[in-house]
1. What list of ³J(HN,Hα) couplings, whole Hz, do you get for region 237-243 from phi and the Karplus terms 6.51, -1.76, 1.60, once you set θ to phi - 60° and write x for glycine and proline?
2. Please sort by residue number the GluC sites (Glu not before Pro) in region 138-237 whose DSSP state is loop and whose Cβ has at most 15 other Cβ atoms within 10 Å.
3. If amide H atoms are built 1.01 Å from N in the plane of the peptide, which residues on other chains or at least 5 residues away come under 5 Å of the amide H of VAL101?
4. Could you estimate the translational diffusion coefficient of region 138-299 from the Stokes-Einstein equation, with Rh from the Kirkwood formula over C-alpha pairs, at 20 °C and 1.002 mPa s, in whole µm²/s?
5. Mind listing the phi-derived Karplus ³J(HN,Hα) values for region 187-192, rounded to whole Hz, using 6.51, -1.76 and 1.60 with θ = phi - 60°, and x for any glycine or proline?
6. Computed FRET efficiency, Cβ-Cβ of LYS271 and GLU388, R0 25 Å: what is it to the nearest 0.05?
7. Sticking with the crude label model, points 7 Å out along Cα→Cβ, report the distance from GLN241 to ASN113 in nm, one decimal please.
8. In Å and whole numbers, how far do the C-alpha atoms of region 261-388 stretch along each principal axis, longest first?
Amino acid sequence: MKPIQVGLLGIGTVGSGTFKVLQRNQQEIRRRAGRGIEIAVVADLDVARARSIVGDSVRVVDDARQVIADPAIDIVIELIGGYGIARTLVLEAIAAGKHVVTANKALLAVHGNEIFAAAHAKGVIVAFEAAVAGGIPIIKALREGLTANRIEWVAGIINGTTNFILSEMRDKGLDFQTVLKEAQRLGYAETDPTFDIEGIDAAHKATIMCAIAFGVPMQFDRAHVEGITALQAADIRYAEQLGYRIKLLGITKRTPQGIELRVHPTLIPAKRLIANVEGAMNAVVVQGDAVGTTLYYGKGAGSEPTASAVVADLVDITRLHTADPDHRVPHLAFQPDALDNTPILPVAQVVTSFYLRLQVADQTGVLSRITTILAEHDISIDAVLQRESAEGERQTDLIILTHDTPEGRMSQALARMQALPTVLQPIVRIRKEELN
Ligand code: HSE
């Protein structure tokens with residue numbers, strides 16, 4: 001049978017990896033898919049560079065719409081990124097009856113509901129394994145492998161750039177800005193690192209996992225997002241002394257009140273496997289009621305790791321595109337008419353434990369005033385650590401770990417503590433998750 005025909009929009013890092021993996025493993029891929037998979041045309045504004053990657057046997061054009069309009073093309077791979085032209089092209093490809101593979105987490109988190117509705121109406125597949133955690137098959141795991149389970153929560157290190165920065169801060173005791181510059185020099189962080197360091201990229205991925213874990217629409221605008229820019233080396237050090245590591249986690253959790261969807265720096269026990277995921281690696285923990293805890297680990301970015309996920313989607317589509325659309329795996333794991341509207345909870349209603357660091361005057365009664373405020377808000381203390389003051393020093397750091405409490409209640413207590421004249425600097429508050 002003639003190989004299935006693929007058009008590639010954008011041949012950068014992931015696109016060139018996809019081309020190489022398809023070429024190198026074409027025999028194995030054909031044996032698995034039952035049919036060859038061939039990139040027949042590439043669209044890229046830099047035609048010369050595209051040509052240098054794919055050689056003369058593949059057609060190269062500078063206009064993506066030529067690919068979409070080509071009746072010979074069965075699958076369009078969108079690797080342009082962003083939610084501008086990428087959205088238009090994906091919707092046009094769907095309207096033209098093409099199946100789509102995309103690595104574009106931003107596009108799906110923000111416009112996924114529109115895109116999946118259009119794909120469902122047209123009977124085409126939009127596959128997106130590469131959009132979350134690069135080469136880790138977490139979409140496949142959540143959507144198919146764990147389909148027997150009522151998923152309880154998902155927590156992941158889903159941004160390699162920030163995990164690299166946090167690992168370096170911990171290993172070398174350096175501050176955020178110094179490590180960020182180093183990460184940029186080494187190519188781990190982009191020139192404009194905003195999406196990574198502010199947690200937005202992780203929130204896009206958490207939004208997608210939330211939708212397929214719980215069968216709700218994409219709701220990126222309801223996600224609580226905090227990045228790592230305010231994180232200080234001192235807190236990484238104190239957390240370590242208390243047996244914790246600080247990681248940027250994307251968390252989505254089912255609770256009786258609603259669904260939590262949040263990205264923020266998080267203390268996790270150092271003994272958890274995920275706490276030991278270092279450098280630019282990614283890992284996702286999924287808790288299901290039947291299976292218990294499962295952990296997925298691997299490269300979350302990079303040319304061939306991400307291509308691994310793109311090609312897996314191409315194989316899936318090659319196997320399934322002739323199947324009745326109603327009998328395919330639903331885009332968001334649940335049947336489109338079975339998605340529900342369980343609310344995403346405002347962060348004030350999220351229940352976690354907390355790490356607090358207060359820089360205080362080293363005077364009699366300071367600790368007691370602070371613990372009184374916590375007690376008055378019904379917030380229970382788990383552990384207290386006080387830095388030993390140097391000779392003659394008149395201030396110290398007070399570290400408090402709390403038990404679980406609603407965030408809104410903690411915010412009220414923090415406001416009162418902050419107003420004490422003996423609290424000398426803004427209080428540091430970092431959420432803590434035991435992940436057990
Ligand atoms: N910039 C992302 C990261 C990879 O650092 O993990 C693509 O989502």
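Every number here is computed from the coordinates shown, using simple stated rules; none is lab data. Small disclaimer: the values here were computed from a predicted structure and weren't measured. No Cβ is skipped: glycine too gets one built from the backbone with ideal geometry, and neighbour counts run over all protein chains shown.
1. Computed from phi, the couplings for region 237-243 are 5, 5, 4, 4, 4, 8, x Hz.
2. Values: sites: GLU144, GLU152, GLU168, GLU182, GLU190, GLU198, GLU226; in loops: GLU190, GLU198, GLU226.
Those satisfying the criteria are GLU190.
3. VAL76, ILE77, GLU78, ALA127
4. Value of D from the Cα-based Kirkwood radius: 134 µm²/s.
5. x, 7, 10, 7, 4, 9
6. Working: r = 26 Å, r/R0 = 1.04.
Calculated value: 0.45.
7. For GLN241 paired with ASN113, the spin-label model returns 4.7 nm.
8. The Cα atoms of region 261-388 stretch 76, 36, 25 Å along the principal axes, largest first.
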